[in-house]
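Following: one structure in structure tokens, then a few remarks.
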Amino acid sequence: MFRRSGIALQVVVLREISRMHEKGMRVVDLTRSIGPGMSCYPGTPPPGSVSLATIDADGFNEQLLTFSSHTGTHVDLPLHMSDGAPSLDAFGAERFIGRGVALDVACASGGIIPLALIQPSRPLIEGADFVLLHSGWGRHWGTQRYLSGYPVLSSEAAAWLAGFQLKGIGVDMVSVDPSDSEEYPLHNLFLANGTLIVENLVYPDRRLLGTGFQFFCLPLKIEGAEASPVRAVALLD
């Protein structure tokens, strides 16, 4: 469905969204707001804004925004972990659109999401472009707790998912690797495999869990970017 590029792709996407609205489909925003007090990966500076113009002085409002490419809900690209690997420029808009499935892994214990927990969802995964994991860790958003101790995929589970040649993996945590990781094994596994990583998702509607939907995570079109904030949304009945 979404295999065109440029203006043609945009027209297809707009028509598809319009058609889905007419059929009573719902748009669910899976994106964290960028603003004061938000959670940022340890060492990443918080976002900032400076007024460049005001209605009173200039007749219009304008702000200078500053934030890391890994701020909020964002997508990691291969260049993030390997010099010379593809940056955002290498990916057309269609690469960030596809069939999504959200798996409930909130019952994972010991900080590890084992293969046994996700393997029963194989029929859903086989029909998906994006696998999104719901750990429930988002309840800690905006606190220090959010930044460490979150569950991550076991190496076995990650390798199994990488075998599906997905467009992307998404999580409701600050990273797919533990916060104290120095080797970043899951980042390297997925990105070297061509599987993009979407982090800091939020799930406001539990009807997403265990079902399929159309998923969009369109990034800002930044030249040479290794990552970019996205507006992640799901379209479901």
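Between Lys221 and Thr54, the simple label model (points 7 Å from Cα in the Cβ direction) yields a spacing of 3.5 nm.
Qualifying GluC sites (Glu not before Pro) in the stretch 131-237, where qualification requires a DSSP coil assignment and no more than 10 other C-beta atoms within 10 Å, comprise Glu182, Glu183, Glu223. Take the Cβ atoms of Glu182 and Ala90, set R0 to 25 Å, and the FRET efficiency comes out at 0.35.
Is the stretch 65-109 rounded, prolate or oblate when judged by the Cα gyration tensor, a ≥ b ≥ c being the square roots of its eigenvalues, rounded requiring a/c under 1.5 and prolate requiring a/b larger than b/c? In terms of gyration-tensor shape, prolate. Screening the chain for whole DSSP H helices of 15 Å or more along their axis (Cα) with average Kyte-Doolittle hydropathy at least -1.0 returns 6-22.
Helix-only arithmetic for the chain: the sum of -39500 (n - 2.57) across DSSP H runs with n ≥ 4, divided by the residue total, places the mean residue ellipticity at 222 nm at -5000 deg cm²/dmol.
Put the Cα centre of the stretch 180-235 next to the Cα centre of the stretch 42-102 and the gap is 13 Å.
Of the solvent-accessible surface of the chain, computed with a 1.4 Å probe and all protein chains present, 52% belongs to carbon and sulfur. Largest GNM mean-square fluctuation across Pro47, Pro36, Pro178, computed for the chain with C-alpha springs under 10 Å, falls on Pro36.
The values are calculated or read from the model by the stated rules, or taken from the named source; none is laboratory data. Bear in mind that the values here come from a model prediction, so they are computed numbers and not experimental data. Reconstructed Cβ throughout: ideal geometry from the backbone, glycine too, with neighbour counts over all protein chains shown. Side chains are part of the model used for accessible areas, which takes the heavy atoms of the whole protein and leaves out ligands, DNA and RNA. Shrake-Rupley method; radii C 1.70, N 1.55, O 1.52, S 1.80 Å.
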